[in-house]
Each structure stands twice: as structure tokens, then as C-alpha cells.
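The values are calculated or read from the model by the stated rules, or taken from the named source; none is laboratory data. For clarity, every value in this text was computed on a predicted model and none was experimentally measured. Quick reminder, even Gly has a Cβ in these numbers, built from the backbone with ideal geometry, and neighbours come from all protein chains shown. Ligands, DNA and RNA are excluded from the accessible area calculation, which covers all protein heavy atoms including side chains. Shrake-Rupley method; radii C 1.70, N 1.55, O 1.52, S 1.80 Å.
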Amino acid sequence: MSSVFNVQFWAYVGVIAGIYGILAYSLQLQHGFCGLLNFGQVAFMALSGYTMAILVVKAGLGLWAASAAGLAVAGVFGVLMGIPTLRLRADYFAIVTIAVGEIVEYLASNMTSLTGGAAGSINLLGPQNAASYDGAWQDAVSRVQSWLGHAIGSAATATVATMAVVWVLLVLVALAVWFLVRSPWGRVLQAIRDDEDAAAATGKNVFRFKLQVLAVGGVIAGLAGLLFAFESATISPTDYDPTITFYAWTILVLAGTTSIAGVPLASVVFGILFAGVLFFTFPPFSYLGSADRSYLQLMIVGAALILLMRLRPQGLLGNRQEMLLG
Amino acid sequence: MADAGTSGEARAEGGDVGGPLLDVRAVGVTVGGVRAVEHATLSLREGAFASLIGPNGAGKTSLLHAISGFYRPSAGEIHFGGRRIDGWPPHRVAASGLVRTFQRGRVFARLSCLDNMRLGARDHPGEQFVANLARPRARRRREAEVTSEARELLAAVGLGPKADDLAGTLSGGQRKLLEFARALMCRPKLVLLDEPMAGVNPTTGRQVMERIAQLHAAHSLTVFFVEHQLDVVMAMSDHVVVMAEGRVIKSGPPEEVRSDQAVHDAYLGSRRRREAVGRRGDEALAARAPGRDEAGLR
Amino acid sequence: MTGLLQLVFDGVVVGAVLALAAAGVSLVYGGLRIINFAQGDYMTLGAYVALGVSSGLRLGMVAGVAAATLCTSAFAVVLEPVLWRPLRRARAGVLSLFVTAVGLSLVLRQGILFAAGGGFQQYRVDAYSAWQVSGLRFPTEEVVAGAAALAAILTLATLLSRTQLGKALRGLADSPELTAISGIDPDRLAVVVWALAGALAGLSGVLLALVETSFDTNLGWDQLLTVFCAVVLGGIGSTYGALIGGIVLGLVMELATWSGFAGGVPASYQLVVAFVALVAVLLVRPTGILGRSRIL
Amino acid sequence: MTAPSPFLVAEDLVAGYGEADVISGVSLSVARASLVAIVGPNGAGKSTLLRALFGLLPPRGGRVLLLEEGGSALDVTRVAVHRRAALGMALVPQLDNIFPNLSVRENLELGLGLRRPSGEQLAEVLELFPMLAARAGTRCGTLSGGQRQMVALARAMVRRPRLLLLDEPSAGLAPSAVEELFDQLAAIKVNGTTMLLVEQNARRALSEADWAYVLDMGRNRFEGPGPSLLADERIAELYLGGLAGAPAG
């Protein structure tokens, strides 16, 4: 069992929280600023992760080129998903996106010759030949690690370096979202969010803007998917479980749906919440068996979510007055 | 901006100059399985200042939705500026210079009034995803233009001090003003106004109508508005279209419409009928008066 | 041909059971704007209550079904003033309510695991008793579950269309404020909504467990997406639609496995089939089977 | 007319959304069986006042009283919205005033809350609104604006309220429908129902009102008998588009 004061453990929590935070930004752009309810965002993560892994292992592409291709596929998929579904009303669209998330996971585990099937990317070259794709990533991380080593000494482990990279990317994504929503383009998105008909009546092609925001959000989610794949060294369909999307939604709602600064804060709170309960090993928790204790820990996570929503329905940094405007 | 005098002259001529700008031919509209508009035909000349009147449920708003692309007509054709526009999506209709407002005054509630106005502007490179990133200078230049134009128009409708407030904090009437001003930001050729004065106090309503009249004169703007305030309709419009039960029953200059018996019966209602209704109401209420004590205070 | 008829029967039974849970989701979303992510776990709760009463207390399956319905309903009702009412007062948005439901779902599922443990469970019923009619096999518990579900569907439909309370519930879906102006206590209606939704979930859960013969704590959670699909298929906000959507979905999922249909889809594909059916319907009718089209 | 005894009294009402007060210290008194109008420019706080009076927007200050003929006063400031129907209060909001997915008949039936409607009560109201009788089975969402307004008024009348609050009932109505509406209001008044009316159609409202209040910037500006306010040049200049004395309608 890890200790509360174990830097390695918390750095790992930081990596995961950062990746979820990036995913939450993709939802923020789509929902907070354009009103789209997308519950299948994990599909974009899976697509870019798998595209990257397959291109590196099977096509021999370099990791960075393959990663760029993964992001592009995620963006294009946003457009492809949007064309038939965006004409649906918001709540119908939401449920269909859940379906998309499920189907992508399903295809990943069944198209064995392409994806390695249920065993995941390690099976990409067949059962006798373990495949890996993350060599270039490991090199990059160790370079960052050595830079960090100059600054913080032995605390700069590989995990800490990974965390630094993830959070730098998170900040870049935040800045990109910030720039986009303050630009005239982002203004149109917000108009669509507030009143689609009125936006159409002022000559805005609502459909096109929504396709664009699905593509851009898809790319951001794709980035989260890549980091997820890098961090875990091998991916399988269950890694891109649909519940990941709900975790990202939880972070977004915790943050306040239009609060860009709220997302990192909410990611940290979320990470501490999920990881923190692992340290509930003192009495009365210590009297329980490990299975029972893990049930209870997740119950506490659920209860904490309920409590947070009860105390701040507008999110940690959300604007209450804005939330109430029709 | 032209003063009121020239606007009056331009309006007098408005009905006579130019070819048909809007041509609605035998249009039918079905809403939720109900036939709301049936075989409606009308045409507006460029520069016209026309109004659409008719009893409630006559299909006026449905026709407006059809012209602006929000409803797809089940029959007929709509031509605007020589092009057939029925079946076009609303944004394409709007971009072609035919801009409408809504009965309820629909604004972007979580954006500032100024941003609402800026959204009305056309040809903004910043609204194109690629140009927004690739041509920052063009974006900034257009943004500055749009902003000053927006402030001017906001001031003109009396919302200048509200520029930085969220539109969702405006009252119902103020929202309609903002919406109208936003429509003008598009520099439209034709504006369709759905009851511009309903929910706006008469003083402001008159100012709005005067403002519309001025712009009408100054920019060869064609105006087509649904309105119930007959004194305004008759005084201001050079052409009146009357609908009843989904059909256009009369179309012509105000004085001609005013004297038409069919219009009178369908719309204005004869005084005798009203009195009959009133009396029936009195009797109905008098009959049930004894039962009223049941809702007593406890 | 008998194979097809057998699938139709199975489909109607499963569909009717899912329809109950879907109607609960629809009532809660329509009236309270809560996407009840915990509906699946309410179903599981019902199945385990029935297990406790019928097997644990040895009171028999009928008592088990009744207890499942009542206890789940009571649980849902208790949460209304404790959990949902304060959020309503704070005018929490759809998403805050949704995240709360996600939290509740986590608490419930883990709570049931904590109390009942992992592992598969079975009711004390004869799993092999069945009626045989000209080559078709009607297992007793499926017949009973199907009949109970259909009876509940008819009762609910009558309640909604014929009674003043039912009209008030539909009115609540249209405008809560206007319901209050009309003199109806919205808090009391919310209690009714939860009582109905809980009862429907509990009943649906125990019947589903009967049909599936063995179950664990993921019983309802695994069906949640299917239930949501049924709601959307029928038309969001229309409880009648949810009832129809559930049955249609049950039929589609069973019939897809028919060998006469391109060799039949493997049973593990059923969820994908459900989604494909949903998307196909939405492309033709963007608001589901009974959903209202938008009027400006 | 006997000396008017007040039925509804509001004292120093303060209400608003967010941080700002929309109305700040409005007082008014509505005489029994009279029609009182509230007029004023956009953003004056008219609708907010009505919502505060009915409890939809809980007032931040002041109080609302119902005075009984015996002289007893009931403070209704904090009474929950749904309890007001039982006290004889009814409200017709300006927007969202019908249940769009219910039929006309079901809309009227819900006017009675959870009480089972008697056919007689509905028949009475339908007689008052013959147009609705023909459309009893129609889903309200498909009705036009004017027809919806009629359903809303009818729904409020099913309970036989003693006090009727109306938020811009004539907005969006054709002239003949406006005439019908005011005829109906007159008929309702004859029966002893007290009415408080917020109107943009100020000239029409003032010409009918026994008493009227002019609201501006969330405060009382003028009050007096409707027709005399209509004739007042200051008010005409400020709020009526400078048409003092012009014939109404």
C-alpha cells in the first residue's frame, strides 16, 4: 500500500487527473461554450490512441507522426459523427453519443486483426510477438526528467516528468480554449448555445459551427487519448471505458461549465477524491476486508460528489448568476 | 441619417419603385399536423413598407417562419430578390439579406448586449475557423468596425448604457429592441418583424417604428411587419396584407383595406358581435355567482 | 418459424420489463429534469430486496416482488426531501443533477455490494418449469414476469391518461411553475414522481432477475444504456413513448438473433443492435416514436 | 359605487433578480371588485411586481396583504405559490401560460389543481370562451398566440378566483381579440372578481381601469383613476407616445 506521503503515487494521480482535465476541456468547449451534450467523448480518445499505436507498430511510422495522424483521425471522426446526428435535438444527440462510445469500444475488442482484440495493443503483431509503441515517448520523458533533475534533484522521477509534460499540455489546451472562446468564432458558438434559432436568424450556419466544434473537441480528446496510451505503455479496449467520459463530465461540472480556470482545480479535487479514499485504512475501515473496504471507498466518492453538487451546484468556480440566466 | 420628412416622401413612393423583392406564391404551411397557412400569395416591391395583419390563428407567424426558412412550406414557392428560397435553411435566407425577428425577442442571454450586436455583423473573418487563426489583422480590423457600428446602433435604440450587461438581464421589451438592432447589424434588404411593438411600451414602440421608417428611407430597406396596433399599421405602412384562416384575403394600400367589408368582418369585428359576446359572458358569470363563496378565506 | 415465434415471445417479455424501468426514467426526466443515472441501481436494489424477502425470510416470490416494488419506491421517496428538493431549491441545472445521480449510482451499487457481496444469486424458483405449446417453450417465470410487467404498463398508462394526478404529472413535465400556479404543490408531485419511478424500477429489477434466472449487483447497471435507449426510442419526455420504446427494443434485440436473419447476430452484439436500431429510428424520426416535433 | 374597500394591499415591496433590485419600495392597493392597471415603460418592473405579489419571486422586503370584508387581514407575503389558488388568487403569466402537450380540456381541468373537475365547472368556462369549446381536444402547443392566451385566462377562471392577476394579457392579440378580452374582463369584474392588470397597451388598459399605477424605475410614479391618467399630459408624454386623449383601441 502506498503512503499518503509517497511522491510517486501522487505524481501518478497527477498524471491521470491531468489527462482527465484535458478531456474535460474538450467537453467544456463543446458543452460549456456550444451547448452540445457529448457523452461519448471517450470514443475520440480510443480512436486517436489506437490509430497512433497501429501506425507505429504496423506501419512503422515514427511516434510523433503517428500521434499527429491519431489527432487528425479523431478530428475527422468528429465531423463524421456529427453529419448524421447533429440534426437531432440536444437530448437525443446526447444519448446517441453514448452509443457511439460503446460501439467504438466494441469494435476495438472485436476487430482483432486490426486492433489486437480484447488483449489490446500488445497483441498487434500476433500473440507470439509483444508489440510496443512508446519508445520515443519514453526517450522524451527521460529528457524532461534530466532537465527537471537539475531543478529538483532526485524527486524528478519518470512519473514526475510525465506529470510535468501532461500539465504543460493541459495549460496549453486551456490557453487554446481561452483564445478560441474569446474570438469572434467562439462568440458564435456561445450564441448557438444560448439560442440556436436566433443564431440561424442572424445568418450563422449552426450546423457548420457544430461540426467544427465537434472536430476541435475531438482533437483535444484525442490528445488525452494519446497521453493515456503513452502513460500506460499498452492499451486495450477496456482502458477506454465509457465511464471515463462521465468522470470528465464530473470534472467539468465541478469546475463550472464555462470556467476555464476551474478545470485544473476540479481535476485536482477529483484526483484527490478518488485517490484519497485509498488511504482510508484507519479504523473503522481497517476492520473491513479489502473487498468491503474498496466498496466503501467508492461509496464515499459517490457521497462526496453528491455533497459537492449540493454545496455548489454551479461548480467550484462557476458563476451562479450566469447559471440562472435563461 | 435621413430626417423624418424625407422618410415620409420615400415611403409614399416606396410602393411604386422597383420590381418584386419578395414573391410568395400559393404557399401552404403545416404545423404539427395542422394546416396553418393555405395557399397564401403575396408580393412585396423593393422599398415597400408593408404590414401583415389578421386575427389570431390566421397563420401570420407561420407564414413568417416559412419565408425566413424556419418552416419548410408544404406547397408553393417563395422567391426573394429573384432567387427561389423556399427549402433554404434559415441561415442562408438570412445571409441573402432577409432577416427576421421573433415574437418573444430572442437574444443570446449569456452574452453581453454588445456581443449580441456584434453577432449580427456579416462577413467577419474572425467567425471563420481558419481565418480567425490565420488572419489576425483582418479579424481585428473588422472587429473594430463592427464594435463601433454596434455601439452606434445600441445607442440609437436606447440601450447604450446596457452595452456591457448580459442580455439575459434585460426586460422583455428591451430584448425586443436589442433583437431588432441586431437584425439591422446584418444590413438586410428586407426585415420581417414579428410584432415589433407587442410587449414594448407605446413610447418606445413608436420610437422603434420611427427608427425603422428612417432606415427604410435611408437604405432602401424593405420592411414587412406583423402588428396588431392598427393605428400604427394604417398610419405607417404603404401596403397592408390581411390574412384570415390561413389565407390572404386582401392586399393593398391601407385606405383600400380599411374600407373592405370582408376585412372588417374577419378582423376588426363588428361592434354588434362584440356586444353579443359580452352579454353572453355577463349572463354566464351572473348565473354562477352563488357558487362563489366556496373559495372563502380560512 | 417456431424459432421466430419463440424470439417474439422472449422479446415481448424482456421488452415489457425494460419498458417499466424506462417509464420511470421518463417520468423523472420529464417532471424533474433529472437524468436518473441511478435507475439501473434502483433495479438492482429491487432484485436484492426480493432476494432477501423470498429466500432470506422464506416468504415466497409473490411477497418478494411486492417488497421489491414497495421498498425501492420508499427508498426513492426518502431521497426526494433529503437529496433532490434542496437541489431544486438551489435551482441546480440539469448537469449538476446528473452528476448527483452519478454519485448516487456509485453509492447505491457499492452499498449493495457491501451489504450483499459479489457473486451470482438465484431466486428459489423452479427454473425448469415451463409450458410447452406446439414446439414453443414458455418458462413459468417468463410468463409470470411478462404478465406482471404488462399489467403494470396498463395500470400506469391508465393512471396517466385518466386521472387528475396523471394529468398533473404530464403538466409538470411541461411547466413546473404553471403547475404551482394552478394550486398543485410541486414538492408533493415530486414525491409522487419518485414513488412511481422507484416502484417501476424495483418491479422491473425483480422481474428482470427472474427472466435472467441468475444475477449479480451489476444487474441494473448493465441494462442502464438499454433503458435509456428505450426512452429515446420512444421519444424523450413521453412516458407512453418509453413504454412502447422498451417493448420495441426488446423485440429488436431478440429478433436480431434469429437465424433466418442473415444467420443471426451473436447475442453479445445485442447492445450494438439496440443502438443501431435507435440511430436508424432517429434518422427517420428525429424525436423518437412518440416524441413531439419542435414548434417554434 | 359604494366606497371602495381594499382587497389586495402591497406595502413597500422590494424584489429583484441577482444582485439588483428591480422594484424598490412599490406600494399599491386594489379595491374589491375593481380593475386596477399597472403601466409603465419597459424595465419599469411591472412583471417583476406581479411575480412578487404572487410569490413566484419571493419579495426581499415589504408585505402583501389580503383584506377580508370583516376587516381581518391575511399576510400572504410568504405564502407558497401553490397555496394561493385556495385563497382565491389566480395568475395568468405572460409567457409559458399553458401546458403545450396537454389538450385544451386538460389544460382547463388542471386549473382546478388536483381536485377532480366537475363537468359543470368546465361547461361554465367554455360558455364564456366558446372558441375553446370547439377545440377542447386540440393539443395547446398547436394553438396560436391569441388562442393560448384565451386558454390561459380560461384556466385561471375555472377556480372562480376572487383576485385575478394578469400579465400583459393583450400582448400579441389582434384588435378584435383585444376587444373580446376586455369585454371578458369587464364581464368578470361584474361578477365581483378583483383584477390587477399589467399592460403595455396602456391606453386601452387605462381607459378601462378603475384605478391605475404608473411605474418607472421600480417605483411608483403616478396613480389615479385610469381615464384621468390617460388625460394627463405628463403621463401621455412620458409613457403613451404623446397621444393624450386619443381614442383608445
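Worth pointing out:
- Whether a residue is small (Gly, Ala, Ser), open to solvent by 40 Å² or more (accessible area, probe 1.4 Å) and more than 14 Å from chain D (Cβ to nearest Cβ) was assessed, and B:Gly81 passes this test.
- Output for segment B:41-53, where each listed residue is crowded, with 22+ Cβ neighbours inside 10 Å, assigned to a strand (DSSP E or B) and touching a Gly at 6+ places or on another chain (Cβ under 7 Å): B:Phe49
- When A:Ala155, A:Ala131 are checked against the criterion of being surrounded by fewer than 14 Cβ atoms within 10 Å (Cβ to Cβ) and either more than 14 Å from chain B (Cβ to nearest Cβ) or in contact with a strand residue (DSSP E or B) (Cβ under 8 Å, 6 or more places away or on another chain) (or both), a single residue qualifies: A:Ala155.
- Answer residue from segment D:186-232, given it is acidic (Asp, Glu) and open to solvent by 10 Å² or more (accessible area, probe 1.4 Å) and is farthest from D:Val158 (Cα to Cα) among those: D:Asp232
- Filter result for D:Asp183 (touching a residue at least 60 places away in the same chain (Cβ under 8 Å) and open to solvent by 10 Å² or more (accessible area, probe 1.4 Å)): no
- Residues within segment D:93-131 that are polar (S, T, N, Q) and in a loop (DSSP other than H, G, I, E, B), tallied: 4
- Single residue of segment D:76-86 satisfying the filter (under 15 Å from D:Arg115 (Cβ atoms) and open to solvent by 20 Å² or more (accessible area, probe 1.4 Å)) that is nearest to the other protein chains (Cβ to nearest Cβ): D:His82
- Screening C:Trp131 on (1) farther than 28 Å from A:His31 by Cα; (2) assigned to a helix (DSSP H, G or I) shows it passes everything except condition (2).
- Where strands (runs of 3 or more DSSP E) fall entirely within segment D:157-249, those with at least 2 residues that are at pLDDT 85 or above and aliphatic (A, V, I, L, M) are at D:163-167, D:194-198, D:211-216.
- One residue alone among C:Gln164, C:Gln132, C:Gln121 is open to solvent by 30 Å² or more (accessible area, probe 1.4 Å), touching a Leu at 6+ places or on another chain (Cβ under 7 Å) and more than 14 Å from chain A (Cβ to nearest Cβ), and that residue is C:Gln121.
- Scanning segment C:267-295 for residues that are in a loop (DSSP other than H, G, I, E, B) and at pLDDT 75 or above gives C:Arg285, C:Pro286, C:Thr287, C:Gly288, C:Ile289, C:Leu290.
- Among the residues of segment A:63-118, those identified as within 28 Å of C:Ala230 (Cα to Cα) and among the β-branched types (Val, Ile, Thr) are A:Val79, A:Ile83, A:Thr85, A:Ile95, A:Val96, A:Thr97, A:Ile98, A:Val100, A:Ile103, A:Val104.
- The residues on offer are B:Gly173, B:Gly168, and the sole one that is closer than 19 Å to A:Ile192 by Cβ and within 14 Å of chain D (Cβ to nearest Cβ) is B:Gly168.
- Exclusive hit being surrounded by fewer than 21 Cβ atoms within 10 Å (Cβ to Cβ), within 29 Å of D:Leu67 (Cβ to Cβ) and at the interface with chain C (Cβ under 9 Å from one of its Cβ atoms), set D:Arg139, D:Arg115: D:Arg115
- Subset of segment B:109-142 that is under 11 Å from B:Arg182 (Cα atoms) and modelled with pLDDT of 95 or more - its residue that is farthest from the other protein chains (Cβ to nearest Cβ): B:Cys113
- Residue check for B:Ala94: surrounded by fewer than 23 Cβ atoms within 10 Å (Cβ to Cβ), facing another protein chain (nearest Cβ under 7 Å) and either touching a residue at least 40 places away in the same chain (Cβ under 8 Å) or not in a helix (DSSP H, G or I) (or both): no
- Segment C:199-242, subset open to solvent by less than 10 Å² (accessible area, probe 1.4 Å) and farther than 21 Å from C:Arg109 by Cβ, residue nearest to the chain's Cα centre (by Cα): C:Ala242
- Any hit, segment A:273-284, residues being of a type in the set (A, V, I, L, M) and at pLDDT 85 or above: no
- Filter result (facing another protein chain (nearest Cβ under 7 Å), closer than 17 Å to C:Ala101 by Cα and either in contact (Cβ under 8 Å) with a residue 40 or more places away in the chain or open to solvent by 30 Å² or more (accessible area, probe 1.4 Å) (or both)) within segment A:253-311: A:Val253, A:Leu298, A:Met299, A:Ala303, A:Leu305, A:Met309, A:Arg310
- Test: residue in segment B:162-175 that is open to solvent by less than 30 Å² (accessible area, probe 1.4 Å), over 30 Å from D:Val178 (Cβ atoms) and outside the structural domain of B:Ala48 (by TED's automatic domain parsing): yes
- Selection within segment A:75-91: residues that are assigned to a helix (DSSP H, G or I) and at pLDDT below 80. The member of this set that is farthest from the other protein chains (Cβ to nearest Cβ) is A:Ala90.
- Among the residues of segment D:47-75, those identified as open to solvent by less than 10 Å² (accessible area, probe 1.4 Å), within 13 Å of chain B (Cβ to nearest Cβ) and closer than 20 Å to D:Val22 by Cβ are D:Leu49, D:Leu50.
- Condition met for A:Leu37 (surrounded by 24 or more Cβ atoms within 10 Å (Cβ to Cβ), touching a residue at least 12 places away in the same chain (Cβ under 8 Å) and within 20 Å of A:Glu105 (Cα to Cα)): no
- Cβ-Cβ distances below 6 Å connect the following pairs, each with a first residue in segment A:190-205 that is within 12 Å of B:Val99 (Cα to Cα), a second residue that is small (Gly, Ala, Ser) and open to solvent by 10 Å² or more (accessible area, probe 1.4 Å), and a separation of six or more residues or different chains: A:Gly203/B:Ala95.
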